[in-house]
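Asks: One structure, as C-alpha coordinates, below. Some questions next.
The values are calculated or read from the model by the stated rules, or taken from the named source; none is laboratory data. Every value quoted in this text rests on a predicted model; they were computed, and no experiment measured them. Using ideal geometry, Cβ is built from the backbone for each residue, glycine included, and neighbour counts are taken over all protein chains shown. The accessibility values were calculated without ligands, DNA or RNA, using every heavy atom of the protein model including side chains. Shrake-Rupley method; radii C 1.70, N 1.55, O 1.52, S 1.80 Å.
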Amino acid sequence: MSTLIQKLQQIWQNADYPFLIHQGRELRFTNIADQKTANIDEIKSGDVVALIGDFDPESISLLLQIIDKGAIIVPLTEDTKGQHDYFFEAACVDVVVHSGEVRRIPRTETHPLVAKLREQEHAGLILFSTGTTGRPKAILHDLTLFLKRFDTPRPTQRTINFLLFDHIGGINTLLHTLFNKGVVIAPESRTVDSILSTIRDYDVEVLPTTPTFLRMMLMSGAVPDRIPSCLKLITYGTERMDQPTLDQLCELLPSVDFRQTFGMSELGIVRAKSEARDSLFMRIGGEGVETKVVDDVLYIRSRTRMLGYMNAESPFDEEGWYNTKDIVEVKGEFFRVTGRIGEVINVGGLKFMASEVERVALEYPGVSLVKVIGRPNPISGQHAEMTVQMAEGVDGDAKLLGKFLAERLPVHMQPRRIRFESVAVGHRFKRS
Amino acid sequence: MSDFKEKIYAELQEVIDNDDIVITDEMPLIGDGSVLDSMKVVSLCIALEDVAADLGFEFDWTSNAAMSRSRSMFRSVGALVEEFTKQMKAQQ
(Lines give C-alpha, C1' and ligand atoms only; values in the text may rest on other atoms or scores of the structure.)
Protein backbone atom coordinates (compact mmCIF):
# COMPACT_ATOMS: atom_id res chain seq x y z
CA MET A 1 0.00 0.00 0.00
CA SER A 2 1.42 3.39 -0.94
CA THR A 3 2.01 5.99 1.72
CA LEU A 4 0.25 9.34 1.80
CA ILE A 5 3.42 11.09 0.66
CA GLN A 6 3.85 8.61 -2.24
CA LYS A 7 0.19 9.03 -3.22
CA LEU A 8 0.55 12.82 -3.24
CA GLN A 9 3.84 12.63 -5.12
CA GLN A 10 2.02 10.67 -7.82
CA ILE A 11 -0.81 13.21 -7.95
CA TRP A 12 1.70 16.04 -8.30
CA GLN A 13 4.26 14.35 -10.57
CA ASN A 14 3.38 16.25 -13.76
CA ALA A 15 2.26 19.48 -12.14
CA ASP A 16 4.37 22.47 -13.16
CA TYR A 17 2.98 24.86 -10.55
CA PRO A 18 3.48 25.25 -6.81
CA PHE A 19 1.15 23.70 -4.31
CA LEU A 20 2.07 26.20 -1.60
CA ILE A 21 3.06 29.86 -1.68
CA HIS A 22 4.52 30.73 1.68
CA GLN A 23 6.39 33.93 2.66
CA GLY A 24 6.75 34.80 -1.00
CA ARG A 25 8.36 31.43 -1.79
CA GLU A 26 6.72 29.11 -4.26
CA LEU A 27 6.93 25.49 -3.26
CA ARG A 28 6.28 22.49 -5.44
CA PHE A 29 5.07 19.35 -3.76
CA THR A 30 8.52 17.86 -4.35
CA ASN A 31 9.97 20.65 -2.18
CA ILE A 32 7.57 19.74 0.61
CA ALA A 33 8.41 16.05 0.34
CA ASP A 34 12.14 16.87 0.36
CA GLN A 35 11.90 19.53 3.09
CA LYS A 36 14.54 19.11 5.77
CA THR A 37 12.74 18.53 9.06
CA ALA A 38 13.39 17.40 12.59
CA ASN A 39 14.44 13.76 12.72
CA ILE A 40 11.32 11.84 13.68
CA ASP A 41 12.75 8.33 13.33
CA GLU A 42 11.86 7.56 16.93
CA ILE A 43 8.14 8.16 16.33
CA LYS A 44 6.31 4.91 15.79
CA SER A 45 2.84 3.82 14.72
CA GLY A 46 0.23 4.61 17.38
CA ASP A 47 2.28 7.30 19.14
CA VAL A 48 0.32 10.43 20.03
CA VAL A 49 2.42 13.26 18.56
CA ALA A 50 1.92 16.96 19.30
CA LEU A 51 3.23 19.01 16.37
CA ILE A 52 3.61 22.70 17.22
CA GLY A 53 3.72 24.60 13.95
CA ASP A 54 1.85 26.54 11.31
CA PHE A 55 1.23 26.32 7.58
CA ASP A 56 4.94 26.44 6.82
CA PRO A 57 6.85 23.89 4.70
CA GLU A 58 8.46 22.13 7.65
CA SER A 59 5.22 21.73 9.60
CA ILE A 60 3.33 20.46 6.53
CA SER A 61 6.11 18.03 5.72
CA LEU A 62 6.18 16.79 9.31
CA LEU A 63 2.40 16.50 9.38
CA LEU A 64 2.44 14.19 6.33
CA GLN A 65 5.37 12.14 7.64
CA ILE A 66 3.69 11.68 11.03
CA ILE A 67 0.42 10.59 9.38
CA ASP A 68 2.39 8.10 7.27
CA LYS A 69 3.87 6.62 10.38
CA GLY A 70 0.33 5.75 11.48
CA ALA A 71 0.66 8.06 14.46
CA ILE A 72 -2.05 10.13 16.10
CA ILE A 73 -1.31 13.76 15.39
CA VAL A 74 -2.17 16.72 17.62
CA PRO A 75 -1.59 19.93 15.59
CA LEU A 76 -0.96 22.91 17.88
CA THR A 77 0.18 26.50 17.38
CA GLU A 78 2.42 28.90 19.32
CA ASP A 79 -0.66 31.04 20.07
CA THR A 80 -1.95 28.53 22.61
CA LYS A 81 1.41 27.83 24.30
CA GLY A 82 0.01 28.72 27.74
CA GLN A 83 -2.35 25.74 27.39
CA HIS A 84 0.13 23.25 25.88
CA ASP A 85 0.83 21.37 29.09
CA TYR A 86 -2.88 20.85 29.59
CA PHE A 87 -3.26 19.75 25.95
CA PHE A 88 -0.38 17.25 26.30
CA GLU A 89 -2.05 15.66 29.31
CA ALA A 90 -5.61 15.70 27.93
CA ALA A 91 -4.51 14.11 24.64
CA CYS A 92 -2.10 11.69 26.36
CA VAL A 93 0.72 13.01 24.13
CA ASP A 94 3.73 10.68 23.85
CA VAL A 95 5.97 12.88 21.70
CA VAL A 96 6.27 16.66 21.20
CA VAL A 97 7.78 18.00 17.96
CA HIS A 98 8.63 21.70 18.18
CA SER A 99 11.24 23.93 16.48
CA GLY A 100 13.32 21.05 15.18
CA GLU A 101 13.31 19.18 18.49
CA VAL A 102 11.66 15.88 19.33
CA ARG A 103 10.86 15.19 22.99
CA ARG A 104 9.23 12.07 24.44
CA ILE A 105 6.90 12.24 27.44
CA PRO A 106 7.00 8.90 29.32
CA ARG A 107 3.55 7.29 29.77
CA THR A 108 2.52 4.13 31.51
CA GLU A 109 -1.17 4.02 30.58
CA THR A 110 -2.99 3.98 27.23
CA HIS A 111 -6.28 5.76 26.61
CA PRO A 112 -8.96 3.23 25.49
CA LEU A 113 -9.80 5.24 22.31
CA VAL A 114 -6.11 5.43 21.40
CA ALA A 115 -5.78 1.70 22.06
CA LYS A 116 -8.67 1.07 19.64
CA LEU A 117 -6.96 3.10 16.89
CA ARG A 118 -3.66 1.31 17.53
CA GLU A 119 -5.41 -2.05 17.24
CA GLN A 120 -6.82 -1.04 13.84
CA GLU A 121 -3.43 0.43 12.84
CA HIS A 122 -5.18 3.65 11.82
CA ALA A 123 -3.71 7.15 12.01
CA GLY A 124 -5.52 9.62 14.25
CA LEU A 125 -6.13 13.34 14.59
CA ILE A 126 -6.75 15.13 17.89
CA LEU A 127 -8.17 18.66 17.95
CA PHE A 128 -9.30 20.75 20.89
CA SER A 129 -12.69 22.30 21.35
CA THR A 130 -14.60 24.07 24.08
CA GLY A 131 -17.01 22.12 26.21
CA THR A 132 -19.54 22.52 28.94
CA THR A 133 -17.19 21.21 31.61
CA GLY A 134 -15.09 24.29 31.06
CA ARG A 135 -11.79 22.86 29.86
CA PRO A 136 -11.04 22.35 26.18
CA LYS A 137 -11.96 18.85 25.07
CA ALA A 138 -9.62 16.54 23.19
CA ILE A 139 -11.51 15.35 20.10
CA LEU A 140 -10.16 12.17 18.52
CA HIS A 141 -10.83 11.40 14.85
CA ASP A 142 -9.88 8.32 12.88
CA LEU A 143 -7.61 10.05 10.36
CA THR A 144 -7.37 7.01 8.10
CA LEU A 145 -11.17 7.19 7.59
CA PHE A 146 -11.09 11.01 7.41
CA LEU A 147 -8.61 10.81 4.53
CA LYS A 148 -10.91 8.50 2.53
CA ARG A 149 -13.13 11.48 1.66
CA PHE A 150 -10.28 12.80 -0.48
CA ASP A 151 -10.35 9.70 -2.72
CA THR A 152 -13.15 11.43 -4.68
CA PRO A 153 -11.54 14.18 -6.78
CA ARG A 154 -13.12 17.62 -6.44
CA PRO A 155 -12.41 20.93 -8.17
CA THR A 156 -10.09 23.42 -6.49
CA GLN A 157 -9.37 27.11 -6.87
CA ARG A 158 -6.48 29.29 -5.75
CA THR A 159 -7.17 29.64 -2.05
CA ILE A 160 -5.71 31.53 0.89
CA ASN A 161 -5.31 29.34 3.91
CA PHE A 162 -6.55 31.77 6.47
CA LEU A 163 -7.51 29.19 9.03
CA LEU A 164 -5.44 27.94 11.89
CA PHE A 165 -3.13 24.94 11.93
CA ASP A 166 -4.94 23.56 14.99
CA HIS A 167 -8.40 23.90 13.44
CA ILE A 168 -10.25 21.19 11.51
CA GLY A 169 -11.10 23.68 8.73
CA GLY A 170 -7.41 24.53 8.25
CA ILE A 171 -6.35 20.90 8.09
CA ASN A 172 -9.23 20.08 5.73
CA THR A 173 -8.33 22.94 3.34
CA LEU A 174 -4.72 21.80 3.30
CA LEU A 175 -5.56 18.17 2.55
CA HIS A 176 -8.25 19.09 -0.01
CA THR A 177 -5.71 21.23 -1.88
CA LEU A 178 -3.02 18.56 -1.74
CA PHE A 179 -5.30 15.79 -3.00
CA ASN A 180 -6.89 17.92 -5.73
CA LYS A 181 -3.81 19.70 -7.08
CA GLY A 182 -4.91 23.10 -5.90
CA VAL A 183 -2.83 26.04 -4.76
CA VAL A 184 -2.77 27.26 -1.18
CA ILE A 185 -1.38 30.68 -0.44
CA ALA A 186 -0.32 31.30 3.16
CA PRO A 187 -0.70 35.01 4.01
CA GLU A 188 2.24 36.75 5.74
CA SER A 189 -0.10 37.91 8.46
CA ARG A 190 -3.81 37.90 9.10
CA THR A 191 -4.30 41.68 8.76
CA VAL A 192 -6.63 43.16 6.14
CA ASP A 193 -3.71 44.73 4.25
CA SER A 194 -1.66 41.57 4.17
CA ILE A 195 -4.60 39.44 3.04
CA LEU A 196 -5.57 41.88 0.29
CA SER A 197 -2.04 42.18 -1.06
CA THR A 198 -1.67 38.39 -0.97
CA ILE A 199 -4.92 38.05 -2.97
CA ARG A 200 -3.69 40.60 -5.51
CA ASP A 201 -0.12 39.31 -5.80
CA TYR A 202 -1.07 35.65 -6.19
CA ASP A 203 -4.38 35.84 -8.09
CA VAL A 204 -6.32 34.30 -5.22
CA GLU A 205 -9.84 33.23 -6.16
CA VAL A 206 -11.18 31.99 -2.82
CA LEU A 207 -10.96 33.64 0.58
CA PRO A 208 -12.17 31.39 3.41
CA THR A 209 -12.56 33.64 6.42
CA THR A 210 -14.59 34.73 9.43
CA PRO A 211 -17.30 37.38 9.85
CA THR A 212 -14.88 39.28 12.11
CA PHE A 213 -12.32 39.59 9.32
CA LEU A 214 -15.04 40.71 6.90
CA ARG A 215 -16.24 43.35 9.36
CA MET A 216 -12.63 44.58 9.73
CA MET A 217 -12.26 44.67 5.95
CA LEU A 218 -15.42 46.77 5.63
CA MET A 219 -14.37 49.17 8.39
CA SER A 220 -10.89 49.58 6.93
CA GLY A 221 -12.42 51.29 3.90
CA ALA A 222 -10.86 48.73 1.55
CA VAL A 223 -14.23 47.64 0.14
CA PRO A 224 -14.86 47.86 -2.77
CA ASP A 225 -11.93 49.75 -4.33
CA ARG A 226 -9.06 47.67 -2.98
CA ILE A 227 -10.64 44.26 -3.47
CA PRO A 228 -8.74 42.60 -6.34
CA SER A 229 -10.88 41.51 -9.28
CA CYS A 230 -9.40 37.99 -9.18
CA LEU A 231 -11.37 37.27 -5.98
CA LYS A 232 -14.43 35.20 -6.94
CA LEU A 233 -15.64 33.63 -3.72
CA ILE A 234 -15.65 34.49 -0.02
CA THR A 235 -16.64 31.75 2.39
CA TYR A 236 -17.33 32.60 6.01
CA GLY A 237 -17.92 30.52 9.10
CA THR A 238 -16.80 29.54 12.62
CA GLU A 239 -18.89 32.34 14.17
CA ARG A 240 -22.25 33.95 13.54
CA MET A 241 -22.50 36.44 10.66
CA ASP A 242 -24.81 39.42 11.00
CA GLN A 243 -27.16 40.45 8.19
CA PRO A 244 -26.06 44.15 8.01
CA THR A 245 -22.45 43.09 7.32
CA LEU A 246 -23.48 40.53 4.69
CA ASP A 247 -25.81 43.04 3.02
CA GLN A 248 -23.09 45.67 2.81
CA LEU A 249 -20.60 43.17 1.37
CA CYS A 250 -23.07 41.86 -1.22
CA GLU A 251 -23.93 45.37 -2.34
CA LEU A 252 -20.35 46.60 -2.54
CA LEU A 253 -18.93 43.44 -4.16
CA PRO A 254 -21.52 42.37 -6.75
CA SER A 255 -19.15 40.06 -8.62
CA VAL A 256 -18.07 38.09 -5.54
CA ASP A 257 -20.05 35.07 -4.41
CA PHE A 258 -20.60 34.61 -0.65
CA ARG A 259 -21.10 31.22 0.95
CA GLN A 260 -21.54 30.25 4.56
CA THR A 261 -19.68 27.25 5.93
CA PHE A 262 -20.68 25.16 8.91
CA GLY A 263 -18.52 22.77 10.83
CA MET A 264 -17.87 21.32 14.22
CA SER A 265 -14.74 19.44 15.11
CA GLU A 266 -16.88 16.72 16.72
CA LEU A 267 -18.73 16.00 13.47
CA GLY A 268 -15.90 16.07 10.95
CA ILE A 269 -16.59 18.15 7.86
CA VAL A 270 -20.23 18.95 7.17
CA ARG A 271 -21.27 20.52 3.87
CA ALA A 272 -23.32 23.74 3.91
CA LYS A 273 -24.97 25.49 0.98
CA SER A 274 -26.21 29.06 1.31
CA GLU A 275 -29.76 29.72 0.10
CA ALA A 276 -28.42 32.79 -1.77
CA ARG A 277 -25.28 34.92 -1.62
CA ASP A 278 -27.03 37.50 0.58
CA SER A 279 -28.86 35.00 2.76
CA LEU A 280 -27.83 33.62 6.13
CA PHE A 281 -30.07 30.58 5.57
CA MET A 282 -28.13 27.48 4.61
CA ARG A 283 -28.79 23.84 3.88
CA ILE A 284 -26.64 21.48 5.94
CA GLY A 285 -25.86 18.03 4.61
CA GLY A 286 -23.29 16.01 2.72
CA GLU A 287 -22.59 12.34 2.48
CA GLY A 288 -23.84 10.53 5.56
CA VAL A 289 -25.05 13.72 7.27
CA GLU A 290 -28.58 14.03 8.70
CA THR A 291 -30.21 16.94 10.53
CA LYS A 292 -33.19 17.47 12.82
CA VAL A 293 -34.46 20.37 14.93
CA VAL A 294 -35.79 19.81 18.45
CA ASP A 295 -37.09 22.81 20.43
CA ASP A 296 -35.37 25.17 17.95
CA VAL A 297 -32.00 23.50 18.52
CA LEU A 298 -30.14 21.87 15.62
CA TYR A 299 -29.06 18.23 15.96
CA ILE A 300 -26.72 16.55 13.46
CA ARG A 301 -25.86 12.90 12.87
CA SER A 302 -22.74 12.33 10.77
CA ARG A 303 -20.90 9.23 9.60
CA THR A 304 -17.59 11.16 9.74
CA ARG A 305 -18.01 12.07 13.40
CA MET A 306 -15.19 11.80 15.92
CA LEU A 307 -14.40 8.58 17.78
CA GLY A 308 -14.97 10.44 21.02
CA TYR A 309 -13.60 12.89 23.54
CA MET A 310 -10.50 11.73 25.38
CA ASN A 311 -11.30 13.73 28.50
CA ALA A 312 -15.09 13.88 28.62
CA GLU A 313 -18.28 11.85 28.18
CA SER A 314 -19.53 11.16 24.66
CA PRO A 315 -21.76 14.02 23.45
CA PHE A 316 -23.75 11.73 21.12
CA ASP A 317 -27.10 10.29 22.19
CA GLU A 318 -27.94 6.59 21.83
CA GLU A 319 -28.98 7.10 18.21
CA GLY A 320 -25.80 9.03 17.39
CA TRP A 321 -27.30 12.53 17.28
CA TYR A 322 -25.12 15.48 18.30
CA ASN A 323 -26.68 18.55 19.90
CA THR A 324 -24.97 21.50 18.14
CA LYS A 325 -26.35 23.92 20.79
CA ASP A 326 -27.12 26.24 17.86
CA ILE A 327 -30.57 27.78 18.01
CA VAL A 328 -31.95 27.87 14.47
CA GLU A 329 -34.79 29.32 12.49
CA VAL A 330 -36.10 26.86 9.88
CA LYS A 331 -37.31 27.77 6.37
CA GLY A 332 -38.08 24.63 4.38
CA GLU A 333 -34.81 22.74 4.14
CA PHE A 334 -32.74 25.77 5.17
CA PHE A 335 -31.55 26.80 8.63
CA ARG A 336 -30.39 30.14 9.98
CA VAL A 337 -28.42 30.18 13.22
CA THR A 338 -29.87 32.83 15.51
CA GLY A 339 -28.14 32.09 18.80
CA ARG A 340 -26.38 29.58 20.95
CA ILE A 341 -27.18 27.74 24.12
CA GLY A 342 -24.59 27.93 26.85
CA GLU A 343 -21.68 30.06 27.78
CA VAL A 344 -19.38 29.76 24.80
CA ILE A 345 -17.66 33.05 23.96
CA ASN A 346 -16.62 33.53 20.34
CA VAL A 347 -13.96 36.17 19.68
CA GLY A 348 -13.25 36.49 15.99
CA GLY A 349 -14.11 32.83 15.44
CA LEU A 350 -11.99 31.58 18.34
CA LYS A 351 -14.29 29.94 20.87
CA PHE A 352 -13.72 29.37 24.56
CA MET A 353 -15.74 28.87 27.71
CA ALA A 354 -16.22 31.73 30.14
CA SER A 355 -15.27 29.26 32.87
CA GLU A 356 -11.78 28.80 31.32
CA VAL A 357 -11.02 32.45 31.98
CA GLU A 358 -12.72 32.37 35.39
CA ARG A 359 -10.57 29.40 36.41
CA VAL A 360 -7.35 31.31 35.63
CA ALA A 361 -8.56 34.50 37.35
CA LEU A 362 -9.30 32.51 40.50
CA GLU A 363 -5.60 31.65 40.74
CA TYR A 364 -4.81 35.34 41.33
CA PRO A 365 -4.08 36.10 45.00
CA GLY A 366 -7.02 37.61 46.84
CA VAL A 367 -9.66 36.82 44.21
CA SER A 368 -12.79 35.41 45.78
CA LEU A 369 -15.44 35.23 43.04
CA VAL A 370 -15.28 35.72 39.27
CA LYS A 371 -17.85 35.98 36.53
CA VAL A 372 -16.93 36.28 32.84
CA ILE A 373 -19.42 37.10 30.11
CA GLY A 374 -19.16 37.45 26.35
CA ARG A 375 -20.39 40.79 25.09
CA PRO A 376 -21.23 41.42 21.43
CA ASN A 377 -19.31 44.07 19.51
CA PRO A 378 -19.03 45.02 15.83
CA ILE A 379 -15.28 44.43 15.58
CA SER A 380 -14.52 40.94 16.88
CA GLY A 381 -18.09 39.64 17.18
CA GLN A 382 -17.71 39.24 20.95
CA HIS A 383 -15.18 40.02 23.67
CA ALA A 384 -14.83 38.88 27.27
CA GLU A 385 -15.66 41.10 30.22
CA MET A 386 -14.96 40.11 33.81
CA THR A 387 -16.45 40.97 37.17
CA VAL A 388 -14.25 40.17 40.14
CA GLN A 389 -15.01 40.10 43.84
CA MET A 390 -11.88 40.30 45.99
CA ALA A 391 -11.62 38.70 49.42
CA GLU A 392 -12.59 40.96 52.31
CA GLY A 393 -9.97 43.59 53.03
CA VAL A 394 -8.12 43.02 49.73
CA ASP A 395 -8.06 45.76 47.10
CA GLY A 396 -8.22 44.80 43.45
CA ASP A 397 -5.92 46.30 40.83
CA ALA A 398 -7.29 45.86 37.29
CA LYS A 399 -3.91 46.52 35.67
CA LEU A 400 -2.07 43.91 37.72
CA LEU A 401 -4.83 41.34 37.30
CA GLY A 402 -4.93 42.12 33.56
CA LYS A 403 -1.17 41.54 33.35
CA PHE A 404 -1.51 38.25 35.27
CA LEU A 405 -4.20 37.06 32.82
CA ALA A 406 -2.24 38.26 29.77
CA GLU A 407 0.68 36.07 30.83
CA ARG A 408 -1.57 33.01 31.06
CA LEU A 409 -4.24 33.37 28.39
CA PRO A 410 -4.17 33.83 24.60
CA VAL A 411 -5.07 37.36 23.44
CA HIS A 412 -8.64 36.49 22.40
CA MET A 413 -9.45 35.10 25.88
CA GLN A 414 -8.18 38.10 27.81
CA PRO A 415 -11.01 40.18 29.31
CA ARG A 416 -11.21 43.66 27.77
CA ARG A 417 -12.85 45.04 30.92
CA ILE A 418 -12.28 44.09 34.53
CA ARG A 419 -14.75 45.40 37.11
CA PHE A 420 -14.42 45.00 40.85
CA GLU A 421 -17.80 44.50 42.44
CA SER A 422 -19.72 41.79 44.23
CA VAL A 423 -20.50 38.67 42.25
CA ALA A 424 -23.75 36.84 43.01
CA VAL A 425 -23.15 34.36 45.85
CA GLY A 426 -23.61 30.76 44.87
CA HIS A 427 -21.85 31.26 41.59
CA ARG A 428 -20.40 27.94 40.52
CA PHE A 429 -16.86 29.29 40.27
CA LYS A 430 -16.56 30.35 43.86
CA ARG A 431 -13.14 29.35 45.14
CA SER A 432 -13.54 26.37 47.43
CA MET B 1 -8.33 70.73 22.20
CA SER B 2 -11.50 69.98 24.16
CA ASP B 3 -11.26 68.11 27.48
CA PHE B 4 -12.97 65.00 26.26
CA LYS B 5 -10.89 64.91 23.10
CA GLU B 6 -7.79 65.02 25.26
CA LYS B 7 -9.22 62.13 27.26
CA ILE B 8 -9.83 60.13 24.07
CA TYR B 9 -6.26 60.80 22.94
CA ALA B 10 -4.95 59.77 26.38
CA GLU B 11 -6.93 56.51 26.27
CA LEU B 12 -5.66 55.83 22.78
CA GLN B 13 -2.06 56.50 23.86
CA GLU B 14 -2.51 54.02 26.71
CA VAL B 15 -3.93 51.35 24.42
CA ILE B 16 -1.15 51.86 21.85
CA ASP B 17 1.40 51.64 24.68
CA ASN B 18 4.14 53.37 22.68
CA ASP B 19 5.02 57.01 23.46
CA ASP B 20 6.96 57.36 20.21
CA ILE B 21 3.72 57.27 18.24
CA VAL B 22 2.15 60.70 17.82
CA ILE B 23 -1.64 60.56 17.58
CA THR B 24 -3.38 62.66 14.96
CA ASP B 25 -6.99 62.95 13.80
CA GLU B 26 -5.98 61.41 10.49
CA MET B 27 -4.50 58.29 12.08
CA PRO B 28 -6.41 55.22 10.82
CA LEU B 29 -7.88 52.94 13.49
CA ILE B 30 -8.36 49.89 11.31
CA GLY B 31 -6.64 48.82 8.12
CA ASP B 32 -3.82 50.45 6.21
CA GLY B 33 -1.45 52.35 8.49
CA SER B 34 -3.24 51.49 11.72
CA VAL B 35 -1.07 50.91 14.78
CA LEU B 36 -3.83 48.99 16.54
CA ASP B 37 -4.98 45.41 16.10
CA SER B 38 -8.68 44.57 16.33
CA MET B 39 -8.60 43.67 20.04
CA LYS B 40 -6.90 46.98 20.85
CA VAL B 41 -9.67 48.84 19.02
CA VAL B 42 -12.13 46.90 21.21
CA SER B 43 -10.16 47.96 24.32
CA LEU B 44 -10.21 51.58 23.16
CA CYS B 45 -13.99 51.54 22.69
CA ILE B 46 -14.48 50.06 26.16
CA ALA B 47 -12.27 52.81 27.61
CA LEU B 48 -14.41 55.35 25.74
CA GLU B 49 -17.54 53.89 27.38
CA ASP B 50 -15.97 54.87 30.72
CA VAL B 51 -15.02 58.35 29.47
CA ALA B 52 -18.62 58.80 28.28
CA ALA B 53 -20.01 57.59 31.62
CA ASP B 54 -17.86 60.22 33.39
CA LEU B 55 -19.29 62.82 31.03
CA GLY B 56 -22.83 61.65 31.76
CA PHE B 57 -23.82 59.83 28.59
CA GLU B 58 -23.70 56.37 27.05
CA PHE B 59 -21.28 55.74 24.20
CA ASP B 60 -22.88 53.22 21.86
CA TRP B 61 -20.58 51.27 19.56
CA THR B 62 -22.18 47.80 19.82
CA SER B 63 -25.85 48.15 18.86
CA ASN B 64 -27.19 47.34 15.38
CA ALA B 65 -27.54 51.05 14.72
CA ALA B 66 -23.89 51.63 15.65
CA MET B 67 -22.83 48.64 13.56
CA SER B 68 -24.33 50.15 10.42
CA ARG B 69 -22.20 53.27 11.05
CA SER B 70 -19.08 51.28 11.90
CA ARG B 71 -17.50 51.63 8.46
CA SER B 72 -17.13 55.36 8.91
CA MET B 73 -16.81 55.42 12.71
CA PHE B 74 -13.60 53.42 12.92
CA ARG B 75 -11.91 54.82 9.84
CA SER B 76 -9.74 57.30 11.74
CA VAL B 77 -9.17 58.82 15.17
CA GLY B 78 -10.93 61.99 13.97
CA ALA B 79 -13.96 60.01 12.79
CA LEU B 80 -14.24 58.28 16.17
CA VAL B 81 -13.97 61.61 18.03
CA GLU B 82 -16.67 63.00 15.73
CA GLU B 83 -19.00 60.04 16.46
CA PHE B 84 -18.30 60.38 20.19
CA THR B 85 -19.14 64.11 20.06
CA LYS B 86 -22.29 63.48 18.05
CA GLN B 87 -23.55 60.94 20.59
CA MET B 88 -22.65 63.23 23.50
CA LYS B 89 -24.57 66.16 22.00
CA ALA B 90 -27.56 63.97 21.16
CA GLN B 91 -27.86 62.80 24.75
CA GLN B 92 -27.35 66.15 26.51
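Asks: What is the percent of Cα-Cα separations in segment B:3-91 that go past 17 Å? Don't skip to the end; give the middle numbers.
Replies: Working: 1667 of 3916 pairs.
Every Cα pair in segment B:3-91 considered, those over 17 Å come to 43 percent.
Asks: Going Cα to Cα from B:Lys89, which lysines come in below 16 Å? Please leave out same-chain ones fewer than 8 positions away.
Replies: Those lysines meeting the cut-off are B:Lys5.
Asks: Next question. Please give me, ordered by residue number, the GluC sites (Glu not before Pro) of segment A:176-241 that lie in loop per DSSP and have at most 14 other Cβ atoms within 10 Å. Don't jump to the answer; show the numbers that get you there.
Replies: Details: sites: A:Glu188, A:Glu205, A:Glu239; in loops: A:Glu188, A:Glu205, A:Glu239.
Answer by residue number: A:Glu188.
Asks: Would you please give the residues with an amide H less than 5 Å from that of A:Val347, counting only those at least 5 places away or on a separate chain, with H modeled from the backbone geometry?
Replies: For A:Val347, the qualifying residues are A:Phe352.
Asks: Between the alpha-carbon centers of segment A:37-102 and segment A:245-287, tell me the distance in whole angstrom.
Replies: So the separation of the two Cα centres works out to 32 Å.
Asks: Once neighbouring chains are kept in place and the probe is 1.4 Å, which whole percent of the accessible area of segment B:3-91 is contributed by carbon and sulfur?
Replies: Values: 1900 of 4230 Å².
Carbon plus sulfur share of accessible area: 45 percent.
Asks: Using θ = phi - 60° and the Karplus relation 6.51 cos²θ - 1.76 cosθ + 1.60, list the HN-Hα couplings for segment A:219-228 in order, rounded to whole Hz, with x at every Gly or Pro.
Replies: Along segment A:219-228, the couplings run 5, 6, x, 7, 9, x, 4, 9, 8, x Hz.
Asks: Chains A and B: buried accessible surface, both sides, probe 1.4 Å, rounded to 100 Å²? All intermediate terms of the calculation are to be shown ahead of the outcome.
Replies: Values: alone 20340 and 5620 Å², together 23820 Å².
So the total buried area for this chain pair works out to about 2100 Å².
Asks: How long is the gain from A:Asn31 to A:Val394 if the chain were fully straight, where each residue apart is worth 0.36 nm and the alpha carbon distance is subtracted? List each step's numbers first, then the result.
Replies: Values: separation 363, 0.36 × 363 = 130.68 nm, distance 5.94 nm.
Working it through step by step, the gained length comes to 124.7 nm.
Asks: With a ≥ b ≥ c taken as the square roots of the eigenvalues of the C-alpha gyration tensor of segment A:274-361, please select rounded if a/c is under 1.5 and otherwise prolate if a/b is larger than b/c or oblate if it is not?
Replies: Here segment A:274-361 falls in the oblate category.
Asks: For A:Val48, what residues show an amide H to amide H distance below 5 Å, using hydrogens built from the backbone and excluding near sequence neighbours?
Replies: HN-HN under 5 Å from A:Val48: A:Ile72, A:Asp94, A:Val95.
Asks: Moving on to the next point. What Rg and what Dmax come out for chain A when only alpha-carbon atoms are used, in angstroms?
Replies: Cα radius of gyration and Dmax of chain A are 22.1, 73 Å respectively.
Asks: Counting DSSP beta bridges in segment A:4-147, what percent are antiparallel, to the nearest 5? Before the final figure, lay out the partial values.
Replies: On the way: 13 of 24 bridges.
Rounded to the nearest five, the antiparallel share is 55 percent.
Asks: Which value in nm describes the separation of the simple spin-label points at A:Asp295 and A:Arg103, placed 7 Å from the Cα toward the beta carbon?
Replies: Taking the simple label geometry, A:Asp295 and A:Arg103 are separated by 4.6 nm.
Asks: A further question on this structure: Simple spin-label model, 7 Å along Cα-to-Cβ: A:Asp203 to A:Glu119 in nm?
Replies: 5.2 nm
Asks: Moving to a separate point now. Which loop GluC sites (Glu not before Pro) in chain B, with loop taken from DSSP, have no more than 11 other Cβ atoms within 10 angstrom of their Cβ? Before the final figure, lay out each step's value.
Replies: On the way: sites: B:Glu6, B:Glu11, B:Glu14, B:Glu26, B:Glu49, B:Glu58, B:Glu82, B:Glu83; in loops: B:Glu26, B:Glu58.
Of the GluC sites (Glu not before Pro), the ones in loops of chain B whose Cβ has at most 11 other Cβ atoms within 10 Å are B:Glu26, B:Glu58.
Asks: When DSSP assigns beta bridges and you keep just the ones with both residues in chain A, what percent turn out antiparallel, to the nearest 5? Don't skip to the answer; put the middle values down first.
Replies: On the way: 53 of 83 bridges.
The answer is about 65 percent antiparallel.
Asks: Right, next: Between segment A:10-25 and segment A:297-366, what's the alpha-carbon centroid distance in Å?
Replies: 37 Å
Asks: Let me ask you something else. Mind checking segment A:25-102 for trypsin sites (Lys or Arg not before Pro) that DSSP puts in a loop (not H, G, I, E or B) and that have at most 16 other Cβ atoms within 10 Å? Let's see the in-between values first.
Replies: On the way: sites: A:Arg25, A:Arg28, A:Lys36, A:Lys44, A:Lys69, A:Lys81; in loops: A:Arg28, A:Lys36, A:Lys44, A:Lys69.
Those that pass, being in a loop and sparsely packed, are A:Arg28, A:Lys36, A:Lys44.
Asks: Run the helix sum for chain A: -39,500 (n - 2.57) per DSSP H stretch of 4+ residues, divided by residue count, reported at 222 nm to the nearest 500 deg cm²/dmol.
Replies: On the way: 12 runs with 109 residues, N = 432.
Rounded to the nearest 500, it is -7000 deg cm²/dmol.
Asks: Under a crude label model (7 Å from the Cα following the beta-carbon direction), how far is B:Ile23 from A:Tyr17 in nanometres?
Replies: 4.7 nm
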